[in-house]
Amino acid sequence: MGRRLWWLAAVAMLAGCASAPAPGPVAREPTRRADDLQRLRERARVVLANYDRAVGDAQLVVLWGQEATVTGTLEPRNEHLKTAIDAGRLEAAGDLPAPPRGKGDAVWTGGRRLSLPLLSAPEALRLLAVNDDCPECVRHPVKGARLTTMRVSTTRGPATVPAWEFSLEDTKMRVLRMALDSGPPVKVDPPAGSPDDLPDGAGAESARVDGKRLTVALTGPREGAGEPCGEDYVAEAVESDTAVAVLVRIRRYSGPAPSVPPGTEFGCVMAGHPRSATVTLAEPLNGRAVLEVQQGQPVPLVVGSGGE
């Protein structure tokens with residue numbers, strides 16, 4: 001998910017320069033804050049229900065778009081191939097190999113393993129174009145394939161999986177596609193309405209778990225809520241048997257508007273900095289997905305020394 005939310009950082013600027021006005025005192029009614037929190041919790045429950053419908057009984061859930069990647073650099077003379085390769089518009093120029101054995105393993109950092117059937121190279125090549133968004137692109141020939149490994153982001157954290165590496169005609173770039181048959185890719189429907197409809201809420205971008213301690217990363221201002229244009233974050237988890245939806249509440253600066261010298265204007269400019277928020281789960285994560293509540297998607301997860 002490469003989404004980034006841009007936030008405000010305080011700067012003193014000359015009058016007339018482009019900037020956002022500095023926020024004044026924030027005095028929101030307690031009832032409205034409670035209503036906003038309830039809306040976030042309701043959105044989290046919708047996110048959990050959508051995820052449950054999408055995942056079904058899948059044993060391995062790879063984050064959307066992570067089943068394939070490329071290695072090497074496309075030569076300048078082959079820039080025209082980029083769209084076709086991105087869309088998986090490839091075709092075998094000859095016979096491609098069958099799997100050398102019946103099953104392969106996904107292996108996580110902690111040593112956990114999951115055995116699943118191996119795909120043949122032709123089937124993996126077909127799956128590269130399952131979401132073909134460039135039907136007008138000319139298919140590029142594939143010269144051969146070999147079985148290797150790749151790293152993928154899963155709902156249990158990064159895993160090493162078998163992968164078919166496809167060599168292409170007239171370029172040194174290679175295309176890799178996971179060789180495990182994990183079923184159809186899990187695509188989670190977002191909640192209805194605008195993804196920006198997060199009343200006083202922020203979207204988690206990734207997560208780290210150590211036992212019951214779950215920390216989510218997000219983007220926000222450098223300053224905390226004690227400074228003009230600053231914000232603090234409070235995380236809350238809504239849990240189910242299959243996933244944890246993390247809502248992040250924003251606490252904004254509530255002090256007086258800062259004073260500035262005559263002829264100048266205090267403003268806030270758009271800037272983003274790494275921030276985080278931590279929540280204690282009711283139960284260890286134990287393989288459950290971590291979901292953000294903006295689009296309702298699983299986020300990349302790192303498992304710390306405390307385990308999951």
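Points to keep in mind about this one:
- The number of residues in the stretch 227-285 being hydroxyl-bearing (S, T, Y) and either over 24 Å from R39 (Cβ atoms) or over 25 Å from the mean Cα position of the chain (by Cα) (or both) comes to 4.
Every residue, every condition in (1) in contact with a His (Cβ under 9 Å, 6 or more places away or on another chain); (2) among the basic types (K, R); (3) within 14 Å of L128 (Cα to Cα), yes or no:
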position: L60; (1), (2), (3): no, no, no
position: T69; (1), (2), (3): no, no, yes
position: G72; (1), (2), (3): no, no, no
position: I85; (1), (2), (3): yes, no, yes
position: P97; (1), (2), (3): no, no, no
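- Any hit, the stretch 258-268, residues being open to solvent by less than 40 Å² (accessible area, probe 1.4 Å), in contact (Cβ under 8 Å) with a residue 12 or more places away in the chain and either of a type in the set (A, V, I, L, M) or in contact with a Leu (Cβ under 6 Å, 6 or more places away or on another chain) (or both): yes
- Unique match (being touching a residue at least 12 places away in the same chain (Cβ under 8 Å) and out of contact with any helix residue (DSSP H, G or I) (no Cβ under 8 Å at 6 or more places or on another chain)) among L168, L198, L247, L176: L176
- Residue tally, condition open to solvent by 40 Å² or more (accessible area, probe 1.4 Å) and outside any helix (DSSP H, G or I), over the stretch 69-93: 8
- Neighbours by Cβ (under 6 Å, 6+ apart or cross-chain): first from the stretch 213-237, without any contact (Cβ under 8 Å) to a residue 12 or more places away in the chain; second open to solvent by 30 Å² or more (accessible area, probe 1.4 Å): G224/D232
- Candidate set: the stretch 94-110, residues that are farther than 22 Å from P122 by Cα and assigned to a strand (DSSP E or B); chosen: the one farthest from the chain's Cα centre (by Cα): V107
The values are calculated or read from the model by the stated rules, or taken from the named source; none is laboratory data. Predicted model only: the values in this text are computed from it and were never measured. As a convention, Cβ positions derive from the backbone with ideal geometry for all residues, glycine included, and neighbour counts pool all protein chains shown. Calculation scope for accessible area: heavy atoms of the full protein, side chains included, ligands and nucleic acids excluded. Shrake-Rupley method; radii C 1.70, N 1.55, O 1.52, S 1.80 Å.
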